[in-house]
Amino acid sequence: MGRLEEGLILLSGGAEVPRNFDVNYPFRQHSDFLYLSGVEEPGCHLLLDPRRRLSTLFIPRIDNHHRVWEGHVPGPAECRRLFGIERTAYRDELPKALRKARAGYRKVYGDRRSLKVFSRELRGLSRLPAALQDALAELRAVKTPGELASMRRASEVSGSGHTLLMRSAKPGMREYEVQALFDAHCLAAGLKHLAYPSIVAAGANSAVLHYRKNDARLKAGELLLIDAGAECGGYAADITRTFPVGGRFSRRQRDVYQIVLETQKACIEKARPGVNSADWHLFAMTKIAEGLKSLGLLSGEVSGLVESQAVRLFFPHGLGHMLGLDVHDCMGGKRRQLPNPHKIPIRFVAKLEPGFVVTVEPGIYFIEALLKDKDLRAKHKGSVRFDRAERFLDFGGVRIEDDVVIRASGPPLNLTRVPKEIAAVEELTARARR
């Protein structure tokens, strides 16, 4: 509110979205609205009065017919107790309340959803200035102890789910059967929402970065990559593990996995306040390039392999991202944005700060679309041993991902408690084999 005292601010939460006739998609509140209000019900609005430092929540007026089908919905008094908001009223009272609150203000600002909902009903509603969106991004980037408690719970449940899958995935199962085990585990723990659609990718499917089909049959000894996380109170976990189905790592699986593991551990150790995120990503690219060179898949000076981006044929995504109410959380506002000194393809460059929660997820993939691209083969001829790399096309990929909290001093706090050392992973997969 302190950023914008010349006008009232009207924000709208999400509305239910029809899936098909008479059925809606499961509702999940818009993240900014959830951050400001804690309200998870659809159809609500929030009026912020910056000068008086007052918030008013407007909720739908529910009749008995609605209660027959949907059950209990909190009324105004209960909402005040639940969410700590000073004032609560019904949605149909909003125009009158707005006219009363507007005295002394030049403008009333609305977010995109408010402009759409109230385009005819409320005249003179102005588009929300970028200053407020930046203020929200700045606030959301640094997590409070309460937010971290929710993220710790989401990571705890998601992590035990990943451990369950390591000791449960067997040859002959379908990818969606493995996914069902994770979903059931999270629901049984009281976490009703996943943070994103789960990736359960066996064999060559694990080289598809956002694989979604989840229907292939698991084969003995092939790699299974699982990228899955649940939400607690809207706050996300984002965890990836890669392991052999019902067996031990083969020699080449072990070699590639060890490079990714050592890169990830080194990057976690390097995640300290003041580190430039572009430098951090460059460090990961260098470690991956060194490892691939040791396997004879890249040749030449490591610095040249990074500068030419030859290594990106095997590591085409960023090292990590912000995590919070969105699995790819807001990045901290324009105030934190820095130039990209290395011209590497990451969306946001900033210095890591205490209270940031970031993922650390290096990977190595053997992607046919890249390794057989004629232009890329010509560009990186001599740097990439395409003949050797093509022998790995049945391999898929390896990604290891943890969620870490940047602390004011010392190493970051790793929220993810899932085995990733080779011996520990093989011990869990041995249980599935037995």
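A short reminder: the numbers here are calculations on the coordinates, not readings from a lab. Here the structure is a predicted model, which is why all the values come from computation and not from measurement. Heads up, the Cβs are rebuilt from the backbone with ideal geometry, glycines too, and the neighbour counts pull from every protein chain shown.
Of note:
- Between the beta carbons of ARG91 and SER160, assuming R0 = 56 Å, the FRET efficiency works out to 0.85 to the nearest 0.05.
- The chain - charge dipole about Cα centre, Lys and Arg +1 at Cβ, Asp and Glu -1, debye rounded to 20: 600 debye
- Value of relative contact order over the chain, rounded to a whole percent, pairs C-alpha under 8 Å and six or more apart: 17 percent
- Packing rank of 68-81, 182-195, 396-409, 98-111, where each peptide gets the mean count of other beta carbons within 10 Å, highest leading: 396-409, 182-195, 98-111, 68-81
- Length added when fully stretched, ALA423-SER303, from 0.36 nm per residue minus Cα-Cα: 40.0 nm
- Peptide ranges 373-381, 131-139 listed from the most packed, as the mean C-beta count within 10 angstrom indicates: 131-139, 373-381
- Rg ratio for region 102-245: its Cα radius of gyration over 2.2 N^0.38 Å, N being its residue count, equals 1.47.
- With the alpha-carbon atoms of region 7-128 aligned to their principal axes, the span from lowest to highest coordinate is 44, 30, 25 Å, starting with the largest.
- Extension reserve of the GLU5-ARG61 stretch, reckoned as 0.36 nm per residue once the Cα distance is removed: 17.1 nm
- Calculated over the chain: convex hull of Cα atoms, volume per residue (Å³): 172 Å³
- Pairwise FRET efficiency - LYS343 versus ARG120, Cβ, R0 = 51 Å, nearest 0.05: 0.60
- Distance (nanometres) between label positions extended 7 Å along Cα→Cβ at GLU353 and TRP69: 4.5 nm
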